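The values are calculated or read from the model by the stated rules, or taken from the named source; none is laboratory data. Given the structure is predicted, the values throughout are model-derived calculations rather than measurements. Cβ placement follows ideal geometry from the backbone for every residue including glycine, while neighbour counts extend to all protein chains displayed. Surface areas here come from the heavy atoms of the whole protein model, side chains and all, with no ligands, DNA or RNA. Shrake-Rupley method; radii C 1.70, N 1.55, O 1.52, S 1.80 Å.
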Amino acid sequence: MDITTRNLALSYDWSFEFHEGDSTPLPVVDIARKHLTKTTTTLYIGFGNGRNARPLLEESYDVYACDASKVAVSKGQTDLPSYKERIQHADFRDAFPEIPQFDAVILSRALIEASVERATHNLRDLSHRVKPDGLLLFQLPAIGTDLWPAWSKINMDCGGNITVGYPFGAVDKLYLSFNGATSILSKAGFQPENGPVPADVPRLAHPGGLVRNWLGTARKRG
């Protein structure tokens, strides 16, 4: 776990310690129901508060979930004791080593952080956890999201991706354009099959507005 991941984990530890967050499943869950069978061995990256992994586990999908946050995993294991062994505190690179590669991976608003270069590196590493011709189901942060206030810097690159910095050492946020999303997927060894298509969900907490994501599936090139 590198320093950026460790910093993110610490910030998520604080967040999950004091805030439960919205429990409404995100659209990626419906994508999973459409494209996975109950026997598709699937790695879910970024368990969080369980809003997405929980319904899939409870519907008997063959899901294994990991998170870099100790607090998130501890709460998840307490809330879902029947699935305790399927929720693991680990970097996705090291999670569930008894399953070197999965049939599918669900990536919902995780690993796209700090910079396009880092996000591409993360997804390349992720590709090693997916079997050849395996499936990636994704929900990626998109431009058009209403930004949190008090940002300290903002930059748009030539691909239309926006990087937003906040004070106090927070890891930069990265919002992808359509071309940015397809480029990162392709460079990481995935071929988009369905999407990316935009989807908006309301931000229920302060300061309100909407959160836009790119939704879809991609196939790992053999």
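Some observations on this one:
- Within the range 200-222, restricting attention to residues that are of a type in the set (A, V, I, L, M) and within 15 Å of the chain's Cα centre (by Cα), the residue that is surrounded by the fewest Cβ atoms within 10 Å (Cβ to Cβ) is Val211.
- Taking the criterion of being among the basic types (Lys, Arg) and within 22 Å of the chain's Cα centre (by Cα), the only residue of the range 147-175 that qualifies is Lys173.
- Which listed residue is surrounded by fewer than 19 Cβ atoms within 10 Å (Cβ to Cβ) and either at pLDDT 95 or above or among the small types (Gly, Ala, Ser) (or both), from His89, His19: His89
- Pick from the range 136-171, criterion open to solvent by 60 Å² or more (accessible area, probe 1.4 Å) and in contact (Cβ under 8 Å) with a residue 40 or more places away in the chain, ranking: farthest from Arg212 (Cα to Cα): Gly169
- Per-region count, the range 126-160, residues polar (S, T, N, Q) and farther than 24 Å from Asn52 by Cβ: 2
- Qualifying residue in the range 58-70 (condition: open to solvent by less than 20 Å² (accessible area, probe 1.4 Å), free of Cβ contacts under 8 Å to residues at least 40 places away in the same chain and assigned to a strand (DSSP E or B)): yes
- Filtered by the rule that a residue be open to solvent by less than 10 Å² (accessible area, probe 1.4 Å) and either on the phi < 0 side of the Ramachandran plot or not small (Gly, Ala, Ser) (or both), the range 48-57 gives Asn52, Ala53, Leu56, Leu57.
- Matching residues, the range 185-222, being on the phi > 0 side of the Ramachandran plot and in a strand (DSSP E or B): Gly195, Gly216
- For the range 71-96, the set of residues classified as in a helix (DSSP H, G or I), hydrophobic (A, V, I, L, M, F, W, C) and either touching a helix residue (DSSP H, G or I) at 6+ places or on another chain (Cβ under 6 Å) or under 20 Å from Gln139 (Cβ atoms) (or both) consists of Val71, Ala72, listed by residue number.
- Among the candidates Glu117, Glu113, the residue that is surrounded by 17 or more Cβ atoms within 10 Å (Cβ to Cβ) and either modelled with pLDDT under 95 or more than 27 Å from Lys34 (Cβ to Cβ) (or both) is uniquely Glu113.
- Consider the range 112-129 and keep the residues that are among the small types (Gly, Ala, Ser) and part of a helix (DSSP H, G or I). The one that is farthest from Ser183 (Cα to Cα) is Ser127.
- Of all residues in the range 172-184, none are open to solvent by 60 Å² or more (accessible area, probe 1.4 Å), touching a helix residue (DSSP H, G or I) at 6+ places or on another chain (Cβ under 8 Å), under 16 Å from Val116 (Cβ atoms) and outside any strand (DSSP E or B).
- The set of residues in the range 97-107 being open to solvent by 10 Å² or more (accessible area, probe 1.4 Å) and not in a loop (DSSP other than H, G, I, E, B) consists of Asp103 alone.
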